[in-house]
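Have a look at the structure below, then the notes.
No lab work stands behind these numbers, since they all come straight from the coordinates. In this text the structure is predicted, and so the values were computed from the model without any measurement. All Cβ positions, glycine included, derive from the backbone under ideal geometry; neighbour counts span all protein chains shown.
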Amino acid sequence: MRWRLDLAYDGAAYRGWASQPGLPSVQQSVEDALALVLRLDEPARVTVAGRTDTGVHARGQVIHVDLPDDVETDETHLVRRLDRVLPDDIVVRSARQAPDGFDARFSALRRRYVYRIWDGPTRPDPLHRNHVVHHHKPLDVSAMNDAAVGILGEHDFAAFCRRREGASTIRSLIQLTTRRTDAGIVETTVVADAFCHSMVRSLMGALTAVGEGRNEPAWMVRVLKAKVRDSRVKVMPAHGLTLEEVVYPADSQLADRARESRQFRGTVESAEDD
């Protein structure tokens with residue numbers, strides 16, 4: 001029986017999503033909690049939509065877990081029981097039996113991240129300091145949006161990714177837009193079918209270089225076309241990044257989407273692994 005769980009978490013205390021021996025991870029916390037509340041004979045193994053890295057947060061993370069048919073629970077009780085045992089910085093927003101063909105990772109159509117920067121003359125609001133990066137130079141939001149236009153679409157984003165052996169760096173970038181909120185926070189929304197290692201934070205490093213006037217907007221296109229890492233592209237701090245949403249197709253299309261994704265990406269991680 002496959003279940004879908006929707007999560008939110010503050011990533012500050014964790015060495016990312018993925019379990020690592022001897023290190024705190026969101027995955028290990030969730031799997032341990034499931035095994036405890038459901039009294040499983042074997043550890044729960046979950047599949048995640050986006051493997052966030054150390055310090056990255058999530059409001060809209062999605063996982064699936066396959067549970068034995070003899071496990072007795074329902075959606076309301078499972079959420080309540082997990083809430084009692086999970087740490088305060090991890091919340092299960094909802095839990096439900098997944099429709100046929102659902103795969104948290106491969107069925108996803110797109111992931112939406114938001115990166116938040118404070119470029120004011122003082123430090124950021126102390127209530128936001130763990131989720132907003134303090135940038136010490138003022139940013140030109142218009143220039144950042146001009147730079148983003150040229151790299152939208154399907155490209156090889158090798159210049160903005162940390163390469164992994166055998167992993168493709170071809171991605172479809174659907175949205176890259178920046179705005180200044182009423183509170184003065186510079187928010188960049190990044191949407192793609194999937195992300196390769198460090199892609200979002202590298203894109204942000206390039207955008208901030210344009211925003212503070214060190215490079216002109218057309219420079220981002222030149223970096224993209226070079227298909228190699230550029231030393232001028234800084235990887236921005238993790239705590240400004242939040243996974244906000246994972247979007248899936250209609251239930252009838254879940255299995256087809258998962259099959260297409262596997263064929264296209266193979267073993268490539270569909271995540272912002274920073």
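Stretch Leu127-Lys225 to full length: gain in nm at 0.36 nm per residue minus the Cα-Cα span?
Computed gain between Leu127 and Lys225 is 31.3 nm.
If you wrap the range 110-254's Cα atoms in a convex hull and average its projection over all directions, what's the area in nm²?
Projected area, direction-averaged: 9.6 nm².
Write out the trypsin sites (Lys or Arg not before Pro) in the range 129-176 meeting two conditions: DSSP loop, and at most 15 other Cβ atoms within 10 Å of their Cβ.
Here the sparse-neighbourhood loop sites are Arg129, Arg163, Arg164.
Per 10 Å bin, what percent of the C-alpha pairs of the range 39-175 does each bin hold, from zero upward?
8, 26, 31, 22, 11, 2
Counting helices only, and only those DSSP H runs with n ≥ 4, report the 222 nm mean residue ellipticity of the chain as the sum of -39,500 (n - 2.57) divided by its residues, in deg cm²/dmol to the nearest 500.
-7500 deg cm²/dmol
Pairwise over distinct Cα atoms, reciprocal of the mean inverse distance: report the Kirkwood radius of the chain in Å, one decimal place.
The Cα-based Kirkwood calculation yields 19.5 Å.
If you line up the long axis of helix 199-211 against the longest principal axis of the chain, both from Cα atoms, how many degrees apart are they, to the nearest 10?
The angle comes out near 30 degrees.
Angle check, please: helix 75-85 long axis (alpha carbons) against the longest principal axis of the chain (alpha carbons), in degrees 0 to 90, nearest 10.
70 degrees
Pick out which of Arg123, Arg51, Arg59 has the largest mean-square fluctuation in a Gaussian network model of the chain, springs linking Cα atoms closer than 10 Å.
In this elastic network of the chain, the residue with the biggest mean-square fluctuation among Arg123, Arg51, Arg59 is Arg123.
Taking the range 9-53, which chymotrypsin sites (Phe, Trp or Tyr not before Pro) meet the DSSP loop condition and have no more than 15 other C-beta atoms within 10 Å?
Details: sites: Tyr9, Tyr14, Trp17; in loops: Tyr14, Trp17.
Filter output for the range 9-53: empty list.
Evaluate the relative contact order of the chain (contact order divided by residue number), counting alpha-carbon pairs under 8 angstrom at least 6 apart; express in whole percent.
Averaging sequence separation for qualifying contacts and normalising by length gives 26 percent for the chain.
From the gyration tensor of the Cα coordinates in the range 2-97, what semi-axes in whole Å does the equivalent ellipsoid have, largest first, with each one equal to sqrt(5λ)?
Listed largest to smallest, the semi-axes of the range 2-97 are 21, 14, 12 Å.
In whole Hz, with x marking every Gly and Pro, tabulate ³J(HN,Hα) for the range 128-135 from phi via Karplus 6.51 cos²θ - 1.76 cosθ + 1.60, θ = phi - 60°.
Result, rounded to whole Hz: 10, 4, 8, 10, 10, 8, 8, 9.
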